[in-house]
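Working notes, structure below.
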Amino acid sequence: MKLHHNPASPFVRMVTATAHELNIADQIELIDTGVFLPDRVNEGVAADNPLGKIPSLVTDHGTALYDSRVICEYLCHHAGDKELLPDEPVSRFRILTLQSLAVGLMDAGVSRRYETAVRPEDKRWPDWVARQHTRMEAGMDDLENNWASELGSINAGTIAVAVVLAYFDFRYDDLGWRDNRPKLAVFYEDFAKRSSMTATQPPA
Ligand code: BEZ
């Protein structure tokens with residue numbers, strides 16, 4: 001398998017961390033996108049995904065898969081795993097919703113990052129940045145208050161949650177997300193020690 005990859009992207013890291021949890025990371029060749037900017041086409045990625053987005057995976061059968069959620073589901077299928085994403089419907093859809101919550105937090109965090117670090121200063125929109133911030137805070141409050149049961153196991157949702165919290169530490173070190181969220185802080189402290197996280201850490 002080949003994965004269009006940028007180590008700074010939490011969407012990509014969610015896939016690589018899942019591959020490590022499944023013990024199949026060595027089956028994936030990483031194709032580094034190099035500098036990945038939102039305002040231009042990356043031809044290498046676009047050859048496999050018309051949206052030009054990462055992550056995009058090309059299977060050993062030559063099929064291109066995207067987005068990160070579909071790739072994670074494929075990797076579980078490929079590995080024959082039924083624990084990260086169980087078949088039992090109540091658990092399955094709860095975990096998929098947790099994963100979507102984490103992906104939504106990634107969307108907000110990455111969008112805010114583009115707006116404040118990439119977009120020309122005279123074109124920035126402070127209200128829009130503030131809206132991404134409230135989305136990040138509300139999502140993390142929900143994780144603190146409503147997901148204790150799911151956060152107690154290793155699954156496709158908790159991998160995505162750990163990855164987005166790591167991204168917030170990486171790009172927003174003054175966010176103070178641990179303040180008033182003790183359960184989430186303990187969850188992350190434990191999860192961050194897993195080899196799936198240490199092996200996929202972006203360079204400083
Ligand atoms: C980042 O540098 O924060 C980033 C890079 C690629 C995709 C998403 C985020």
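Tell me, yes or no, whether segment 175-186 has at least one residue that is outside the structural domain of residue 27 (by TED's automatic domain parsing), within 16 Å of the ligand (Cβ to nearest atom) and either closer than 30 Å to residue 203 by Cβ or surrounded by fewer than 17 Cβ atoms within 10 Å (Cβ to Cβ) (or both). If you could, list the steps in order and put the result at the bottom.
The initial filter retains those residues of segment 175-186 that are outside the structural domain of residue 27 (by TED's automatic domain parsing), namely 175-186.
Now restrict to residues that are within 16 Å of the ligand (Cβ to nearest atom): 175.
Filter once more, so that each one left must be either closer than 30 Å to residue 203 by Cβ or surrounded by fewer than 17 Cβ atoms within 10 Å (Cβ to Cβ) (or both): 175.
Yes, segment 175-186 contains a residue that is outside the structural domain of residue 27 (by TED's automatic domain parsing), within 16 Å of the ligand (Cβ to nearest atom) and either closer than 30 Å to residue 203 by Cβ or surrounded by fewer than 17 Cβ atoms within 10 Å (Cβ to Cβ) (or both).
Whether any residue in segment 26-43 is assigned to a helix (DSSP H, G or I), open to solvent by less than 30 Å² (accessible area, probe 1.4 Å) and either under 25 Å from residue 79 (Cα atoms) or within 16 Å of the ligand (Cβ to nearest atom) (or both) is what I want to check. Reasoning before the result, please.
Step one: of segment 26-43, the residues assigned to a helix (DSSP H, G or I) are 26-27, 43.
Remaining after also requiring open to solvent by less than 30 Å² (accessible area, probe 1.4 Å): none.
No - not one qualifying residue is present in segment 26-43.
Out of curiosity, is residue 101 away from the ligand (no atom under 15 Å from the Cβ), touching a residue at least 12 places away in the same chain (Cβ under 8 Å), assigned by TED's automatic domain parsing to the domain that holds residue 148 and under 27 Å from residue 142 (Cβ atoms)?
Numbers: away from the ligand (no atom under 15 Å from the Cβ): yes; touching a residue at least 12 places away in the same chain (Cβ under 8 Å): yes; assigned by TED's automatic domain parsing to the domain that holds residue 148: yes; under 27 Å from residue 142 (Cβ atoms): yes.
In short, yes.
Give the residues of segment 118-133 that are touching a helix residue (DSSP H, G or I) at 6+ places or on another chain (Cβ under 8 Å) and not aromatic (Phe, Trp, Tyr), sorted by residue number.
Quick first cut of segment 118-133, residues touching a helix residue (DSSP H, G or I) at 6+ places or on another chain (Cβ under 8 Å) only: 124-125, 128-129, 132-133.
Hits for segment 118-133 are 124, 129, 132, 133.
Looking only at residues in segment 193-202 that are in contact with a helix residue (DSSP H, G or I) (Cβ under 7 Å, 6 or more places away or on another chain) and open to solvent by 10 Å² or more (accessible area, probe 1.4 Å), which one is farthest from the ligand (Cβ to nearest atom)? Break it down into steps so the answer makes sense when it comes.
Of all residues in segment 193-202, those in contact with a helix residue (DSSP H, G or I) (Cβ under 7 Å, 6 or more places away or on another chain) come to 195-197, 199-200, 202.
Now drop any that are not open to solvent by 10 Å² or more (accessible area, probe 1.4 Å), which leaves 195, 199-200, 202.
Working: 195: 23, 199: 19, 200: 14, 202: 8 Å.
Checked segment 193-202; the qualifying residue farthest from the ligand (Cβ to nearest atom) is 195.
Identify, please: which residue in segment 50-66 is surrounded by 15 or more Cβ atoms within 10 Å (Cβ to Cβ) and within 24 Å of residue 119 (Cα to Cα) and is, among those, farthest from the chain's Cα centre (by Cα)?
Here the residue is 52.
Condition check ((1) among the β-branched types (Val, Ile, Thr); (2) under 30 Å from residue 79 (Cβ atoms); (3) at pLDDT 95 or above) across all residues:
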site: 112; (1), (2), (3): no, no, yes
site: 133; (1), (2), (3): no, no, yes
site: 136; (1), (2), (3): no, no, yes
site: 139; (1), (2), (3): no, yes, yes
site: 144; (1), (2), (3): no, no, yes
site: 147; (1), (2), (3): no, yes, yes
site: 159; (1), (2), (3): yes, yes, yes
site: 162; (1), (2), (3): no, yes, yes
site: 180; (1), (2), (3): no, no, yes
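For the structure I just gave you, tell me whether residue 190 is touching a Leu at 6+ places or on another chain (Cβ under 7 Å) and either within 15 Å of residue 16 (Cβ to Cβ) or open to solvent by 10 Å² or more (accessible area, probe 1.4 Å) (or both). Lay out the reasoning, then the answer.
Working: touching a Leu at 6+ places or on another chain (Cβ under 7 Å): no; either within 15 Å of residue 16 (Cβ to Cβ) or open to solvent by 10 Å² or more (accessible area, probe 1.4 Å) (or both): yes.
Answer is no for this residue.
Residues of segment 10-24 being surrounded by fewer than 24 Cβ atoms within 10 Å (Cβ to Cβ), more than 15 Å from the ligand (Cβ to nearest atom) and either basic (Lys, Arg) or part of a helix (DSSP H, G or I) (or both), which ones?
20
The values are calculated or read from the model by the stated rules, or taken from the named source; none is laboratory data. Just so we're clear, the structure is a prediction, and the values are computed from it rather than from any experiment. Don't worry about glycine lacking a Cβ; one is built from the backbone with ideal geometry, like all the others, and counts go over all protein chains shown. Heads up: the accessible areas ignore ligands, DNA and RNA and are worked out on the full protein's heavy atoms, side chains in. Shrake-Rupley method; radii C 1.70, N 1.55, O 1.52, S 1.80 Å.
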